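Here the structure is laid out as structure tokens; the discussion comes afterwards.
Every read-out reported here was derived from the displayed coordinates using simple, explicitly stated rules and does not represent laboratory data. Bear in mind the structure is a predicted one, so any value in this text is a computation, not a measurement. Every residue, glycine as well, gets a Cβ built from its backbone with ideal geometry; the counts of neighbours run over all protein chains shown.
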Amino acid sequence: MNHSPTDWPAALRRLALELPTSRIGDVASIGRGDPDVIPLWFGESDLQTPQFICDAAAAAMHAGHTFYTWQRGIPELRQALAGYTNRLYGSRCTPENITVTGSGMQAILLSCQTIVEPGDNIVVVSPVWPNIVAAIHVMGGEAHEVSLTLKGGKWHLDVDELNDAIDDRTRAIFINSPGNPTGWMMENDQHAAILEIARKRRVWIIADEVYARIVYDRPVAPSFLHVAREGDPLIVVQSFSKPWAMTGWRLGWVTSSNKFGEQLAKLIQFNISGSPAFLQFGALAAIEQGEGFVAQMVDRCRQGRELVFQRLAANPRIQVARPDAAFYAFMRVEGMKDSLAFASKMVREAKLGMAPGVAFGRGGEGHLRLCFASAPERLGESLDRFEKFLAKN
Ligand SMILES: Cc1ncc(COP(=O)(O)O)c(C=O)c1O
């Protein structure tokens, strides 16, 4: 929904005015609040945040953690996150390498605020979650997309193509692995090659690793953190949202050099002035006691992945890669020309919500994205509705 500059009683910033609404949000707004709609449009599970995490936050609130707080996060949580990072990645982080943010999304925007000047660009591996491109645009930058290609049922990144896309105005490479919407997962040889490129060409890497724990054949997805050296131009974004079903809490964190974290801290002051302390005590419980829940979440997604993939792959109109990680099926639907119109009609007529592929950048049109982090019964019913709708459209 765009307005022209003349609709306003006084001027707005052009970049804000021209920012499109999220196409995923556009579809969701049609059916949100309708109890008959099954919503598989957003990236979240149907599970609520586990009780022990809620209890820890409530206890902290009652204990008086209701004041202004640290810009980079409460010391207890930064300490715990440094330990968590070292356990999972064999790294040697200290709390100085950790900055708590008001969500993964905010971590991405803060990173852009820190490095993007108007007219700069960030090379973005796509298809990609649209908010990333929007965050670059908010700062007056451009996103230069390098597309993954689907070969033999697997998504691939051409690292040479990525290198060739870097120019004089490139400030960063943005890589989201495990990836939304494709479920692509990069292996460590490519992390190492891309780090080498970033060192040589003096550009940042913004590694969006919010799906690091939603992985099916190992405890954590391969990461830049497995291969990075001290002093590398690396910003790793993670989030409490996905592994611990905390999407509504709006908490994430950045792992980076202390020097970069200090710059983030200045911007945090003017964006949010620190994430609510009592919520951070809930996040601390997630880190300290939440491994059992992560395993439960991954099991739920693994079951969802098998069910959805089997049914979709059997449909002659659907082309879909079996995702290596994350919790999405990104499917090409033969004969579907306008994914936004198709997904909107599906909400109205079939009471089923999926994200339209056009939201995910170059090459996304012609696809739909389904989030399978839900109970098998719910997914089964969704697929029944989808197949019926597809037969008529
Ligand atoms: C690729 C990617 N990055 C970042 C986020 C942000 O997550 P949050 O803001 O909930 O921490 C999401 C959420 O869907 C995502 O898919």
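What chymotrypsin sites (Phe, Trp or Tyr not before Pro) in segment 19-76 are in a loop by DSSP, with at most 10 other Cβ atoms within 10 Å of the Cβ? Listed in order of number, the matching sites are PHE67, TYR68.
When Rg and the Kirkwood Rh are both derived from Cα coordinates, the Rg/Rh ratio for segment 8-113 amounts to 1.06. The loop-placed trypsin sites (Lys or Arg not before Pro) in segment 1-45, going by DSSP, that have at most 16 neighbouring Cβ atoms within 10 Å of their Cβ come out as ARG13, ARG32. Excluding the sites themselves, what is the longest stretch of the chain that contains no GluC sites (Glu not before Pro) in a DSSP loop with at most 14 other C-beta atoms within 10 Å? Here the longest segment lacking exposed loop sites spans 1-186. Helices assigned as whole DSSP H runs in the chain whose Cα atoms extend at least 30 Å along their own long axis and whose mean Kyte-Doolittle hydropathy is -1.0 or higher are found at 291-313. For the chain, report the % of Cα-Cα distances exceeding 34 Å. In whole percent, the long-distance tail amounts to 28. Annotation note: trypsin sites (Lys or Arg not before Pro) in segment 159-248 located in DSSP loop regions with a Cβ neighbour count of at most 15 within 10 Å are ARG169, ARG202, ARG229.
Simple spin-label estimate for ASP34 and GLU377 gives 2.3 nm between the two label positions (7 Å along the Cα-to-Cβ direction from each Cα). The orientation-averaged shadow of the Cα convex hull for segment 194-273, equal to a quarter of the hull surface, comes to 6.3 nm². Spin-label model, LYS154/ALA295: points 7 Å from Cα along the beta carbon direction are separated by 2.9 nm.
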